[in-house]
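Beneath this line is the structure, given in structure tokens, with notes to follow.
The values are calculated or read from the model by the stated rules, or taken from the named source; none is laboratory data. Everything numeric in this text was worked out from a predicted model, so none of it was measured. Cβ sites come from the backbone with ideal geometry, for glycine too, and all protein chains shown count toward neighbours.
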């Protein structure tokens, strides 16, 4: 299962809306590139490595150097939280123009608060750091809030970016966005937009007839948030670049879920088997994944529990869980303790849809 969660843990009841914006895929492109540079790669992306190689290869020397100086992809995730504050659906250039005029202290604050929940005293220090106080920044980065394992590269990125004057921080990010859009992403913006529009329209229609929980699970292909009470609305935004990943980010007013554009939206050959059906049978064609499903049929489990019981490395399990979720076979319960469970309804559906594809005259309902 592939989910990258940059949110905090407090939740209550929730509402769900759907939007789309082409800048989401530019931000997620730079996120992937940044994670590769800090040796924390985003693997198993369906768009393929060539896409990112072409993007980076087209950049001028200054933009490449600036990306290398960042040493992580998290700044671009923090900018996802700005997308709901502008007109939808605008263009990438609209977003860049908006960012260039946006309050630079707010931009810095969004980075500090990315998947972070501060104590009252830390909140005051974070506000000072966002405003440009270097001593406050060092105090915060050296404190318990950033002491968790896996945050080394993010601390160094914040130290680099927030060590600048506030306007310089914002303008540095704007320069990378402008350079990438101009040299490499503009053609992809045009290519991706029809698919984003189509998937947005499909999910918007679903929102009129499905519960928020069910809509989130269908859009994300298996993410369950029933275990996390929400205190802000959820905003679903489709992505072409991050498929099959789901990327979560949160500001103070909205919980953003960047979900993969569906296989049905991408389908172009009426004679080809549904992408979901192909993924499902590919996922089933592996002994280890079948053992995972058999274990989850007994009850839900964490990744650590599965790793121990199946004697499999967590890194290997991540790959298997991603394929199983992409095939619609498992559910991921996002909460204080991420757990996995079996989607019991999928296998009976699979037989029906396989029969319908092989014998097209067979009647069946269209799968969401």
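Table: residues versus (1) under 23 Å from residue 275 (Cα atoms); (2) surrounded by fewer than 19 Cβ atoms within 10 Å (Cβ to Cβ).
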{"site": "170", "(1), (2)": "no, no"}
{"site": "181", "(1), (2)": "no, no"}
{"site": "197", "(1), (2)": "yes, yes"}
{"site": "205", "(1), (2)": "yes, yes"}
{"site": "211", "(1), (2)": "no, yes"}
{"site": "225", "(1), (2)": "no, no"}
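Just for the range 217-239: of the residues that are outside any loop (DSSP other than H, G, I, E, B) and within 15 Å of residue 341 (Cβ to Cβ), which one is modelled with the lowest pLDDT? Write out each step before concluding.
If we filter the range 217-239 for residues that are outside any loop (DSSP other than H, G, I, E, B), which is where we start, we get 217-220, 223-224, 234-239.
Restricting the remaining residues to those that are within 15 Å of residue 341 (Cβ to Cβ) gives 217, 220, 223-224.
On the way: 217: 92, 220: 93, 223: 91, 224: 88.
The selected residue is 224.
Looking at the range 271-289, I want the residues that are more than 12 Å from residue 326 (Cβ to Cβ) and have a partner that is assigned to a loop (DSSP other than H, G, I, E, B) and modelled with pLDDT of 90 or more with Cβ atoms under 7 Å, at least 6 apart or on another chain. Which pairs are those? Hits for this filter: 288/312.
Inside the range 115-140, can you point out the residues that are within 17 Å of residue 166 (Cβ to Cβ) and either crowded, with 18+ Cβ neighbours inside 10 Å or touching a residue at least 24 places away in the same chain (Cβ under 8 Å) (or both)?
Residues of the range 115-140 that are within 17 Å of residue 166 (Cβ to Cβ), as a first pass: 125-138, 140.
Matches in the range 115-140: 125, 126, 129, 130, 131, 132, 134, 136, 137, 140.
Would you mind listing the helices (runs of 4 or more DSSP H) fully within the range 44-132 where at least 1 residues are under 20 Å from residue 196 (Cβ atoms)? Write out each step before concluding.
Working: elements: 49-58, 61-70, 74-80, 92-101, 104-112, 120-130.
In the range 44-132, the matching helices (runs of 4 or more DSSP H) lie at 49-58, 74-80, 92-101.
Listed conditions (1) surrounded by fewer than 16 Cβ atoms within 10 Å (Cβ to Cβ); (2) within 30 Å of residue 112 (Cα to Cα); (3) in contact with a helix residue (DSSP H, G or I) (Cβ under 7 Å, 6 or more places away or on another chain) are all met by residue 257, apart from (1). Going by what's in this entry, would residue 283 be described as at pLDDT below 90 and either in a helix (DSSP H, G or I) or surrounded by fewer than 14 Cβ atoms within 10 Å (Cβ to Cβ) (or both)? It is false that residue 283 is at pLDDT below 90 and either in a helix (DSSP H, G or I) or surrounded by fewer than 14 Cβ atoms within 10 Å (Cβ to Cβ) (or both).
Conditions (1) modelled with pLDDT of 95 or more; (2) touching a helix residue (DSSP H, G or I) at 6+ places or on another chain (Cβ under 7 Å); (3) farther than 19 Å from residue 25 by Cβ, marked per residue:
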residue: 66; (1), (2), (3): yes, yes, yes
residue: 84; (1), (2), (3): no, no, no
residue: 89; (1), (2), (3): no, no, no
residue: 94; (1), (2), (3): yes, no, no
residue: 105; (1), (2), (3): yes, yes, yes
residue: 108; (1), (2), (3): yes, yes, yes
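The set of residues in the range 240-249 that are in a strand (DSSP E or B) and crowded, with 24+ Cβ neighbours inside 10 Å comprises 246, 247, 249.
Scanning the range 323-345 for residues that are crowded, with 20+ Cβ neighbours inside 10 Å and not in a strand (DSSP E or B) gives 323, 324, 325, 326, 327, 328, 329, 334, 343. For the range 87-105, the condition of being surrounded by fewer than 20 Cβ atoms within 10 Å (Cβ to Cβ), closer than 23 Å to residue 16 by Cα and free of Cβ contacts under 8 Å to residues at least 40 places away in the same chain holds for at least one residue. Scanning the range 259-268 finds one or more residues that are assigned to a loop (DSSP other than H, G, I, E, B) and touching a strand residue (DSSP E or B) at 6+ places or on another chain (Cβ under 7 Å).
Just checking, does the range 348-358 include any residue being farther than 20 Å from residue 44 by Cα, assigned to a loop (DSSP other than H, G, I, E, B) and at pLDDT 85 or above?
Step one: list which residues in the range 348-358 are farther than 20 Å from residue 44 by Cα, which gives 348-358.
Filter again for assigned to a loop (DSSP other than H, G, I, E, B), leaving none.
Looking through the range 348-358, none of the residues is farther than 20 Å from residue 44 by Cα, assigned to a loop (DSSP other than H, G, I, E, B) and at pLDDT 85 or above.
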